[in-house]
Amino acid sequence: MTLPTRASRIGLAIVICFALAAIFAPALARLWGQNPYEPVIPVGVIPPTAPEPSHPLGTDSLGRDLLARLLYGARISLSVGVLAETVALLLGLVIGGIAGFYGGWVDDFLMRMTDIFFSLPAPLLALAVTAALPDPATLPYLRRLPEPSLAVVLLVLGFIGWAGIARLVRAQILVLREMDYAAAATALGARGGRLLLRHLLPNALAPVIATATIGVAGNILSEAWLSFLGVGAHPPLPSWGIMITEGQNYLTTHPWVCIYPGLALFSAVLGLNLLGEGLREAMDPHRFALKR
Amino acid sequence: MKSYLLRRLFGILPVLWAVATLIWIILFALPGDPAAMLAGGFRSDPQVLERVRAEWGLNDSAGAQYLRYLARVACGDLGTSYRQGRPVSRILAETFPATAILALCSMLLAACAGVALGLISAAWARRWPDDLISFICLGLISLPVFWLGMMLILLFASRLGWLPVLGYGMEGLRIPATQIRLPELNHLVLPSLTLALFSLGAICRVTRASLLEVLRQRYILSSRARGMRPVSVHLRAALRNALIPVVTVLGIDFAALLGGAVATEFVFAWPGLGKTIVHGIADRDLPVVEGGVLCLCLAFVLVNLAVDLCYALVDPRVRLQ
């Protein structure tokens with residue numbers, strides 16, 4: 001499958017750039033000798049410094065190299081975005097798949113549940129849950145993970161974001177289970193779970209992937225938003241949202257501390273949105289009719 | 001119509017029940033001792049803890065506590081703020097008008113600008129104005145709203161000095177909504193512009209898509225054949241029919257708008273619900289946070305009900321039954 005528009009190919013390029021930056025962040029930061037977790041000047045709060053050769057984008061208010069923190073921030077953003085969407089995807093596939101496949105009261109019950117979730121303002125729920133949780137480092141199970149605060153954010157976003165995917169999957173399954181190949185599989189002895197898992201769900205995935213790509217973009221924005229409000233990632237993690245919060249006091253005097261993390265956030269989300277739009281268009285059966 | 005309204009109002013109840021239950025789970029069932037939270041600085045004193053438990057009925061079974069909580073919420077009692085010692089409902093009532101004004105202004109701004117841009121985009125579909133507008137809209141959707149607000153502050157308030165930075169000042173909390181005068185309105189410009197830019201993208205995209213769909217209909221062809229001017233075809237024949245999905249998006253997008261409002265109010269120190277919620281988070285003042293969220297959820301659900309009622313206004317074919 002090729003991406004249909006130039007915009008979507010640009011989106012893919014942006015996403016690949018950010019993925020590479022995230023993967024090779026430590027190696028890249030070492031190029032100009034940085035360790036993004038350690039303030040270069042460890043005592044006290046100092047005004048951020050302007051860009052210079054040893055700090056290509058300057059430093060933040062603790063003397064930490066901004067570019068290095070941005071690179072590490074890409075790791076946080078992308079991993080939280082993708083993992084949260086994976087959680088949402090799994091839930092959506094299971095709930096939507098079961099509802100569409102079994103029908104009857106199971107379908108009714110699951111879809112009413114989905115409706116309720118759909119009619120709730122998702123960002124506010126995420127805020128309510130993350131704000132109320134005690135320090136993630138004290139939570140059972142989660143505290144053994146490397147970054148408990150990020151685990152909380154991605155689980156909350158995943159558990160809130162599944163409703164749209166569940167609806168999409170259910171609609172797909174309703175169509176697919178009436179197809180001839182489903183009848184053929186049934187005739188060959190595939191039943192229940194096997195038919196659903198091996199034959200129907202894989203074919204329902206295509207339109208879901210476009211939605212999930214845009215969902216990743218939304219999750220990245222939500223993570224930054226929650227971190228900005230002080231309930232997402234915990235400092236000193238270099239989350240872009242935290243970096244913007246920390247730069248807020250220097251907005252008028254040293255604006256770049258705020259500008260760069262926001263630009264990084266914006267371009268990553270824009271890339272994912274462009275890619276998602278392209279995928280959606282590529283999988284749209286009406287595409288050829290709409291072509292110029 | 002009346003029975004429809006009644007049925008829809010009842011339909012809201014399970015949603016509110018779900019939110020209230022979720023909040024109860026958050027407040028009382030998640031790890032952490034609510035008594036310790038309520039006791040604040042005295043949490044190490046077992047006597048105080050015991051008294052708090054007795055006072056709040058924390059020794060009862062979970063089921064009894066849950067039912068009592070539901071009864072309290074149904075009566076509009078959302079608990080008492082840990083920090084301010086006042087009923088949460090009163091705090092919310094004081095701050096809600098500011099949020100409502102902000103949300104309303106930005107929604108209006110976003111709807112007008114979004115529909116206008118969508119019209120332009122559809123009129124020049126697949127040519128450069130359309131490409132440009134589509135790209136701008138996708139850009140606006142991808143912007144983190146709190147960062148957008150800060151950039152607008154930087155540009156218009158700090159560098160150009162045209163507009164005031166912060167909400168209506170420290171006194172703002174005490175100004176009732178009815179007494180906001182014109183000088184206060186320029187405090188409203190930047191926050192509502194921020195929020196409007198944030199919601200504009202989605203509205204414009206839906207208007208465009210929906211218009212393109214409608215413009216393919218036969219009755220548009222016949223309007224054109226009868227010599228209607230292209231402008232009239234778009235504005236009078238197509239737009240009204242194209243507005244239904246736009247109205248839906250206005251309702252759904254209201255959730256994002258409220259979420260954005262929380263961050264925007266914080267950035268602009270706008271004395272509304274959102275700022276109250278963020279300060280509640282910083283103070284670990286949970287009843288305020290959860291009450292605020294419940295209040296915003298209620299606003300969201302009611303707006304969506306209003307949106308459904310609007311269908312009948314926009315589209316005379318829709319009969320509400």
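So here's what we get for this one:
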| quantity | calculated |
| --- | --- |
| Gain in span if fully extended, A:M283 to A:T86, counting 0.36 nm per residue against the direct Cα distance | 68.9 nm |
| Label-to-label distance, nm, for residues given as B:W128 and B:L302 (7 Å Cα→Cβ offset) | 4.8 nm |
| Taking only Cα atoms of the protein assembly as shown, radius of gyration then Dmax in Å | 25.5, 86 |
| Chain-alone versus full-assembly comparison, the stretch B:270-289, residues with accessible loss of at least 40 Å² (1.4 Å probe) | B:I281, B:R284 |
| Minimum 30 Å² accessible area buried by the other protein chains, the stretch A:85-118 residues, probe 1.4 Å, relative to alone | A:I116 |
| Size of the B/A contact, given as accessible area buried on both chains, probe 1.4 Å, in Å² | 3800 Å² |
| Accessible area of chain A divided out per residue, in Å², using a probe of 1.4 angstrom | 46 Å² |
| Average accessible area per residue (Å²) across the stretch B:91-314 - probe 1.4 Å, nucleic acids and ligands excluded | 43 Å² |
| Residues losing 10 Å² or more accessible surface upon assembly, the stretch A:236-258, compared with the chain by itself, 1.4 Å | A:I244, A:Q248, A:L251, A:T252, A:P255, A:C258 |
| Calculated [θ] (222 nm, deg cm²/dmol) that DSSP helices of n ≥ 4 give over the protein assembly as shown, each run adding -39,500 (n - 2.57) | -23000 deg cm²/dmol |
| Computed E for A:F159/B:Q217 - FRET, C-beta separation, R0 41 angstrom, nearest 0.05 | 0.50 |
| Cα convex hull volume per residue for chain A (Å³) | 177 Å³ |
| FRET efficiency for A:L20 and A:I209, using Cβ-Cβ distance with R0 set to 22 Å, rounded to 0.05 | 0.55 |
| Qualifying chymotrypsin sites (Phe, Trp or Tyr not before Pro) in the stretch A:118-208, DSSP loop, other Cβ atoms within 10 Å at most 15 | A:Y141 |
| Solvent-accessible area, 1.4 Å probe, carbon plus sulfur percent, for the protein assembly as shown | 67 percent |
| Between helix A:6-23 and chain A: long-axis angle, C-alpha atoms, 0 to 90°, nearest 10 | 60 degrees |
| Calculated FRET efficiency for the pair B:A71/A:Y181, C-beta based, R₀ 56 Å, to 0.05 | 0.55 |
| Helix A:104-118 axis, angle to chain A major axis (alpha carbon atoms, nearest 10°) | 20 degrees |
| C-alpha long axis of helix A:148-160 to longest principal axis of chain A, angle in ° | 30 degrees |
| Gaussian network model of chain A, springs between alpha carbon atoms under 10 Å - residue of A:A131, A:A190, A:A224 with greatest fluctuation | A:A190 |
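The values are calculated or read from the model by the stated rules, or taken from the named source; none is laboratory data. Just so you know, these numbers come straight off a predicted model, no measurement behind them. When we count neighbours, we look across all protein chains shown, and the Cβ atoms used for this are built from the backbone with ideal geometry, even at glycine. Each accessible area value is taken on the protein alone, full model and side chains, heavy atoms only, with ligands, DNA and RNA left out. Shrake-Rupley method; radii C 1.70, N 1.55, O 1.52, S 1.80 Å.
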